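The values are calculated or read from the model by the stated rules, or taken from the named source; none is laboratory data. Because the structure is predicted, anything quoted here is derived from the model rather than measured. Reconstructed Cβ throughout: ideal geometry from the backbone, glycine too, with neighbour counts over all protein chains shown.
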Amino acid sequence: MLDWLGRYGGYVLIALGWVIFSIIIPSAAGPADVLSRERAAAPAAVSQAVSAGVPLLIGSPRSPGALPLLVAQPLAQSPAQPAEAPSTLDTALAAPADAVVDPLAAALPAPALSSTDRLVIPRIAVDTGVVEVGVLPNGEMETAAYAAGRLSFSAEAGEPGNLVLAGHNDVLGEVFRRLPELQIGDEIIVHRGAPAYRYRVEARTIVREDGATEAQRRENARWMDPTDEPVVTLISCYPYRVDTHRYIVRARLVE
């Protein structure tokens, strides 16, 4: 028995190590089985011309030469009002009854909404700023540091179209580390200053990017195509600290 262990014990340990590694990181070899019941097909391209103009999905931070290009700034805080400043209601009550309303002032258009600037996902405890990102020279969407990045030519929150947001999962803030925990029906709240827009998760999927063909990467990128309906698409690398795939969540505006 001892002679057998001395001769074959090393091979047995190697085999056991491989089994344990496969159990701990099952998705490194292909995580499609994680969402086998809810795996979504890539959306149909709006048109060949539009699809060709869409960038590739975000790249892995573990790729050679990958560096963060954008760092989020802290969310702006509203200045505190002086204690002695009268409220709007107090001012209105103090105004003379015969005060005249300026018709020109009344006709002024409402101020334009600000850009999408905040993302809140209650289930996974995300409350982060949103900054605009563009496209890298290699054709991939940029990824913001310590924030969610909004593809600059994608839709704004609350408007018809596809609002595309991406974030890191294991570096530089890890804002989307818990993205795979989202469930169908979960709420995603996107702000544009004070106004907030609520979306409900309707699809989740995983696609391979590392080692994928150019054609497959273009197919994956169709999740960023423009849409007619108001949706938000969240993208991050996957699995944690492996980053061979991309995890994608699609949600639809409800209010």
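Yes or no: the stretch 153-160 includes at least one residue that is in a strand (DSSP E or B) and not hydroxyl-bearing (Ser, Thr, Tyr). Looking for residues that are in a strand (DSSP E or B) and not hydroxyl-bearing (Ser, Thr, Tyr), one finds none in the stretch 153-160, hence no. Among the residues making up the stretch 183-224, those that are surrounded by 15 or more Cβ atoms within 10 Å (Cβ to Cβ) and among the β-branched types (Val, Ile, Thr) are Ile188, Ile189, Val190, Val201, Thr205, Ile206, Val207. Does Pro239 satisfy the condition of being at pLDDT 95 or above and over 13 Å from Pro43 (Cβ atoms)? So Pro239 passes the test.
If you check Ala203 against the conditions, is it free of Cβ contacts under 8 Å to residues at least 40 places away in the same chain and not in a helix (DSSP H, G or I)? Here the answer is no, as Ala203 does not meet what is asked. Just a yes or no: is a residue in the stretch 176-183 of a type in the set (S, T, N, Q), at pLDDT 95 or above and under 17 Å from Arg241 (Cα atoms)? Scanning the stretch 176-183 turns up no residue that is of a type in the set (S, T, N, Q), at pLDDT 95 or above and under 17 Å from Arg241 (Cα atoms).
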